[in-house]
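Down below is the structure, laid out as structure tokens.
We did not get these values from a lab; they are worked out from the coordinates using the rules stated. This one's a predicted model, so the numbers in the text were calculated from it and none came from an experiment. Cβ atoms come from the backbone with ideal geometry, glycine included; neighbour counts cover every protein chain shown.
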Amino acid sequence: MFLRTFIASAILASFAVTAVAQEKVLNLYSARHYQTDEALYSNFTKTTGIKINRVDGDDAGTIARLKSEGSASPADVILLVDAARLWRAENDGLFQPIESTTLETRIPANLRGKDTGKGSEWFGLSTRARVIVYNKEHVQPTDVDTYEALADPKNKGKLCTRSGAHPYNVSLFGALLEHLGEPKTEALLKGYVANLARSPVGGDTDQIKAVSSGECGIAISNSYYVARLMKSTKPEDIALMKKVAVVWPNQKSFGAHVNIAGAGVAKYAPHRAEAVKFLEYLASDDAQRYFAEGNNEWPAVKGVKTENAALDALGTFKPEIIDVSAVGRNQQKVLQMLDKVGYK
């Protein structure tokens with residue numbers, strides 16, 4: 001009896017070990033945190049049988065953690081929400097190149113990391129624009145239809161922004177440096193400082209509220225903050241949005257600045273095959289649609305249609321065509337220029 005019980009227990013134990021060994025997992029280090037993402041990841045698990053273990057943090061914290069963990073890191077996929085941060089992670093050696101026909105076919109070349117000869121190290125998955133918001137009672141849209149116009153003396157005392165050194169602004173200025181060159185970009189930054197209605201404070205939503213209240217006449221914001229307020233059913237938000245309007249900047253020149261959220265396979269990924277499969281899943285039509293709509297953004301894959309009334313109401317626009325890696329490469333120079341002109 002004891003022998004039969006022992007043998008049965010041993011067999012059950014071996015099955016348990018085999019089951020654990022066969023369990024497919026994926027460790028995701030993510031700087032993107034939206035409730036809608038849970039359904040996206042659950043669908044991946046349901047479709048593939050691969051369980052996702054998430055480690056959440058902000059971009060800077062995620063990068064710092066990966067550098068601290070080094071080769072012992074369990075991370076398989078790194079998901080970040082700014083082109084400059086993706087570039088920094090790439091240059092810090094946190095990604096590994098992958099060759100994927102699916103990703104190379106579906107994700108535009110200018111929304112990917114550099115081609116290493118063995119594939120790219122990261123891929124853009126959604127896009128957002130940095131738009132100009134203005135008070136309809138006090139400002140004419142033709143006076144603020146370019147990023148350069150915000151530096152014009154006629155707009156003195158009207159401009160509100162978050163910190164000049166915030167990553168969203170650093171990425172914008174990095175793109176402008178690529179388009180305009182150093183002398184014109186430095187002059188633009190000086191003009192911004194001269195035209196500030198108040199010292200930079202708060203986030204993008206705070207700037208929109210300040211424009212609505214009349215504290216400022218114009219502000220710069222990521223498009224998804226505008227879309228959130230447009231979709232809000234709160235009376236105060238509805239009243240707020242009646243007083244403001246949006247300009248797509250530089251439609252007669254290089255186009256509106258576009259930033260991305262993107263991901264890549266971690267350098268020491270213990271589950272590389274699963275990581276590649278996950279990235280390819282995020283590039284599928286359904287995942288692209290869901291990933292983008294979760295934060296009122298646009299899909300990175302061309303031709304994927306979303307159903308977002310707020311974005312539809314904002315209309316179509318001409319985006320800049322730029323290698324987003326250039327935004328990262330220009331980051332240090334931009335920070336030096338910001339310090340030089342006193343744009344805090």
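Listed values, structure above:
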item: Asp152 versus Ala60: modelled label distance in nm, points set 7 Å from Cα along the beta carbon direction; result: 3.5
item: Sorted by Cβ density within 10 Å, fewest first, the residues Lys51, Lys302; result: Lys302, Lys51
item: Cross-link table Lys67/Lys277; Lys51/Lys344; Lys184/Lys277; Lys114/Lys158; Lys234/Lys340, entries beyond 32 Å C-alpha to C-alpha; result: Lys51/Lys344; Lys184/Lys277; Lys114/Lys158; Lys234/Lys340
item: Virtual spin-label span in nm between Lys114 and Lys242, 7 Å along Cα→Cβ; result: 5.3
item: Sorted by Cβ density within 10 Å, fewest first, the residues Asp76, Asp58; result: Asp58, Asp76
item: Anisotropy class of the range 149-290 from Cα gyration tensor, a/c 1.5 cut; result: oblate
item: Amide H within-cut-off set for Ser126, under 5 Å, with H built and near neighbours excluded; result: Ala261, Ala300
item: Under 19 Å from the Glu215 label point (7 Å along Cα→beta-carbon), backbone N, the range 183-208; result: 193-208
item: Correct choice for semi-axes √(5λ) of the Cα gyration tensor in Å that was computed from the model, options (1) 47, 26, 16; (2) 57, 22, 18; (3) 43, 22, 18; result: (3)
item: FRET efficiency, 1/(1 + (r/R0)^6) with R0 41 Å, evaluated for Glu23 and Arg198 via beta carbons; result: 0.15
item: Distant-in-sequence amide H partners of Ala256 (H built 1.01 Å from N, under 5 Å); result: Lys318, Glu320
item: Ranked Tyr290, Tyr192, criterion: other C-beta atoms within 10 Å, fewest first; result: Tyr290, Tyr192
